[in-house]
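*Asks:* Input: one structure, supplied below.
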Amino acid sequence: MARHDTVTVNETLISQFGVVLDQLRETIEGIPADEWVRGDSGRHTPVRQAVHIIGGFEAYAKRSAGGHFRWGDRWGYKVGAFRAAIPVEELPDQPAVIEYLEQVRTQVDRWLGGIPVDRLCRPRHVASGRFHSYLGRILYLLRHGVLHLGYLNEELRRRGIAYTEFR
């Protein structure tokens, strides 16, 4: 029987989150600068959608005292209120958002790499009541990122702008 290298659960999770973050980065880099802050509504502005995805990854990959998710401060605003709060002229440019993405990627990799496999499915109390295990929280976060990347790509497709294909 041939011997195969094994991949850990943690490495697999890091890899799958990496695919989503790679696709998001490619999408951000491909958006024309004049389309970056334009949208029919605040929700469909590429910059706001991108920051929402990254901010979700940031919040769910760390915890505050009391078990509540913490939304980071960026550009003088709470990321959780980012989609509505920041006036268009104050929105960050693409290089700033890519820098944020890479900072959060490091944080997510560290978080996913540090969860003991035997704790992934162990029942645990979570303040929101939404997740009953680390694995539930991880899978929710991955689904959330893919969903919003899909929203962003659909908006770009609607405008005739190149977008990344699902992989």
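*Asks:* How would you order 51-59, 32-40 from highest to lowest mean count of nearby Cβ atoms within 10 Å?
*Replies:* 51-59, 32-40
*Asks:* For region 11-16, just list the computed ³J(HN,Hα) in residue order, Karplus coefficients 6.51, -1.76 and 1.60, θ = phi - 60°, integers in Hz, with x standing in for Gly and Pro.
*Replies:* For region 11-16, the Karplus-derived couplings read 5, 5, 4, 4, 4, 5 Hz, x marking Gly and Pro.
*Asks:* Spelling out what I want: for every residue of region 108-122, take phi, set θ = phi - 60°, compute 6.51 cos²θ - 1.76 cosθ + 1.60 (Karplus), and round to whole Hz; glycine and proline get x.
*Replies:* Computed from phi, the couplings for region 108-122 are 5, 4, 5, 4, 5, x, x, 7, x, 4, 5, 9, 4, 9, 5 Hz.
*Asks:* Related question: Neighbouring Cβ atoms within 10 Å as the yardstick, rank 48, 167, 158 fewest first.
*Replies:* 167, 158, 48
*Asks:* Taking amide H positions as placed in the peptide plane 1.01 Å from N, state which residues far from residue 74 in sequence (5 or more) or on other chains have amide H under 5 Å from it.
*Replies:* 79
*Asks:* Right, next: Can you put 15, 133 in order of Cβ neighbours within 10 angstrom, beginning with the fewest?
*Replies:* 15, 133
*Asks:* Can you give the local net charge around residue 166? Use residues other than it whose beta-carbon is closer than 13 angstrom to its beta-carbon, Lys and Arg +1, Asp and Glu -1.
*Replies:* Charge balance in the 13 Å sphere: -2.
*Asks:* If each residue's Cβ is checked for other Cβ atoms within 10 Å, how do 140, 163 rank with the fewest at the top?
*Replies:* Taking fewest neighbouring Cβ atoms as first place, the list is 140, 163.
Read-outs: derived from the displayed coordinates by stated rules, not from any lab. Source: prediction; values computed, not measured. Reconstructed Cβ throughout: ideal geometry from the backbone, glycine too, with neighbour counts over all protein chains shown.
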